[in-house]
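K.L.:
I have a structure I would like to understand better, so I am pasting it below and will then ask my questions one at a time.
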Amino acid sequence: MNIELRHLRYFIAVAEELHFGRAAQRLNISQPPLSQQIMQLEQETGARLFARTNRSVQLTAAGHQLLLDARAILQQVELAAARAARLHRGEEGTLRIGFTSSAPFTREVSDALFQFRQAWSQVHIEMQEINTRQQLDPLHDGRLDLGVMRNTPLPADLNHQLLLREPLYALVHWAHPLADEESISIRALAQEPFVFFDPQGGTALYSEVLALLHRYQIKPYITQEVGEAMTILGLVATGLGVSILPASFRRARLTDVVWLPLQEEDALSELWLVWSATREPTAQMKHMMQLLQRK
């Protein structure tokens with residue numbers, strides 16, 4: 001069959017008017033082409049759709065059924081076109097974001113997510129907690145749209161933008177001798193037992209903090225290696241050691257943990273927004289990127 005949408009529109013007009021002249025006027029075309037289109041539709045369907053006399057035009061049983069179906073088809077086409085437009089504008093669809101464990105504790109990120117939800121409530125956001133290095137492959141092959149991660153070497157096919165630069169803090173138990181200090185030098189931790197990330201975990205904070213310690217000739221005495229920052233906080237709260245984490249984790253309030261500013265000016269950590277350089281950003285991505293970059 002070679003039935004086009006215009007055939008259905010012309011048919012509906014005639015079926016509703018039951019008069020070829022009025023239908024042609026409604027469609028803003030002349031009557032002969034309209035009659036020709038209806039004849040083509042009857043040929044394509046192999047059914048007589050109208051019972052015509054010199055005085056009247058009536059729908060046949062086949063015509064009644066086609067009218068119901070034609071209306072449904074055109075309505076579905078309109079819905080499909082409207083949804084495609086909404087997807088194009090970023091008002092619907094899915095946005096897949098990878099994030100490190102610290103990202104939700106960062107005011108800039110949490111505020112942007114809240115504002116996105118308020119503005120584009122029909123977009124489904126898939127948040128995947130995944131460490132920095134494990135985000136790289138999904139961003140490369142399209143399983144993630146955006147990544148929020150700590151600074152790390154990136155392949156050439158990924159773009160990044162700095163979201164924020166935040167200070168690193170020392171974490172000690174409330175009963176630790178350093179707990180009453182307003183701030184400390186990182187060298188004060190040189191002989192302390194460290195609770196820190198597992199080197200196989202893939203978190204960029206592991207390399208970042210170790211590099212900071214090495215710049216000050218400190219080889220940390222690591223007694224506990226764990227996979228998650230929240231576990232580090234929990235173990236420091238039990239007095240099993242000290243640690244160093246970005247300031248954003250202070251929003252996870254633990255009464256037994258004291259956060260001490262580090263005096264070294266380079267005791268900083270960067271949070272990046274990362275996306276593919278080889279794929280065109282979707283409208284959903286652009287909306288979120290604008291919110292994050294505004295912060």
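The values are calculated or read from the model by the stated rules, or taken from the named source; none is laboratory data. Quick caveat: nothing in here was measured; it's all calculated off a predicted structure. Here Cβ is always computed from backbone atoms with ideal geometry, including for glycine, and neighbour counts include all displayed protein chains.
K.L.:
The conditions are (1) more than 18 Å from Glu270 (Cα to Cα); (2) buried (at least 16 other Cβ atoms within 10 Å of the Cβ), and Leu205 fails exactly one of them. Which is it?
P.N.:
Leu205 satisfies every listed condition except (1).
This table checks each residue for (1) exposed (fewer than 11 other Cβ atoms within 10 Å of the Cβ); (2) in contact with a Leu (Cβ under 6 Å, 6 or more places away or on another chain); (3) modelled with pLDDT under 95; (4) among the basic types (Lys, Arg).
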site: Glu4; (1), (2), (3), (4): no, no, yes, no
site: Ile12; (1), (2), (3), (4): no, no, no, no
site: Glu44; (1), (2), (3), (4): no, no, yes, no
site: Ala51; (1), (2), (3), (4): no, no, yes, no
site: Asn54; (1), (2), (3), (4): yes, no, yes, no
site: Leu67; (1), (2), (3), (4): no, no, no, no
site: Ala85; (1), (2), (3), (4): no, no, yes, no
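K.L.:
Can you name the condition, by its number, that Ser102 falls short on among (1) more than 23 Å from Thr282 (Cα to Cα); (2) at pLDDT 95 or above?
P.N.:
The number of the failed condition is (2).
K.L.:
Restricting to segment 218-271, name every residue that is of a type in the set (A, V, I, L, M, F, W, C), within 18 Å of Asp198 (Cβ to Cβ) and assigned to a loop (DSSP other than H, G, I, E, B).
P.N.:
If the condition is that a residue be of a type in the set (A, V, I, L, M, F, W, C), within 18 Å of Asp198 (Cβ to Cβ) and assigned to a loop (DSSP other than H, G, I, E, B), then Leu240 is the only one that fits.
K.L.:
Let me ask another. Quick one: which residue in Arg26, Arg89, Arg6, Arg55 is of a type outside the set (Gly, Ala, Ser) and under 30 Å from Gly147 (Cα atoms)?
P.N.:
Arg89
K.L.:
Also, quick follow-up: Would you pick out the residues in segment 137-151 that are touching a residue at least 24 places away in the same chain (Cβ under 8 Å) and in a helix (DSSP H, G or I)?
P.N.:
Once the filter is applied, which keeps residues that are touching a residue at least 24 places away in the same chain (Cβ under 8 Å) and in a helix (DSSP H, G or I), segment 137-151 yields Pro138, Leu139, His140.
K.L.:
Any residue in segment 271-285 that's touching a residue at least 24 places away in the same chain (Cβ under 8 Å): show its pairings with residues that are among the aromatic types (Phe, Trp, Tyr) and part of a loop (DSSP other than H, G, I, E, B) at Cβ separation under 9 Å, as long as the two are six or more apart or on different chains.
P.N.:
Gln284/Trp120
K.L.:
Still on this structure, please answer the following. Considering each of Ser102, Ser121, Ser110, Ser185 in turn, give the residue that is assigned by TED's automatic domain parsing to the domain that holds Glu265, buried (at least 16 other Cβ atoms within 10 Å of the Cβ) and among the polar types (S, T, N, Q).
P.N.:
Going through Ser102, Ser121, Ser110, Ser185 in turn, the sole match is Ser102.
K.L.:
Which number in (1) within 17 Å of the chain's Cα centre (by Cα); (2) of a type outside the set (A, V, I, L, M, F, W, C); (3) in a strand (DSSP E or B); (4) under 30 Å from Gly234 (Cα atoms) marks the one condition that Ser101 misses?
P.N.:
Just one mismatch for Ser101, condition (3).
K.L.:
Right, next: Taking segment 184-237 on its own, how many of its residues are over 21 Å from Val257 (Cα atoms) and of a type in the set (S, T, N, Q)?
P.N.:
Result for segment 184-237: 4.
K.L.:
Give segment 152-178 a look and list any residue that's of a type in the set (A, V, I, L, M), surrounded by fewer than 15 Cβ atoms within 10 Å (Cβ to Cβ) and in a loop (DSSP other than H, G, I, E, B), or say none.
P.N.:
Ala156, Ala175
K.L.:
Go through segment 1-33 and count every residue that is closer than 16 Å to Gln58 by Cα and either of a type outside the set (Gly, Ala, Ser) or not in a helix (DSSP H, G or I) (or both). Give the derivation first.
P.N.:
Step one: filter segment 1-33 for residues closer than 16 Å to Gln58 by Cα, giving 10-23.
Keeping just the survivors that are either of a type outside the set (Gly, Ala, Ser) or not in a helix (DSSP H, G or I) (or both) gives 10-12, 14, 16-20, 22.
Residues flagged as closer than 16 Å to Gln58 by Cα and either of a type outside the set (Gly, Ala, Ser) or not in a helix (DSSP H, G or I) (or both) within segment 1-33 amount to 10.
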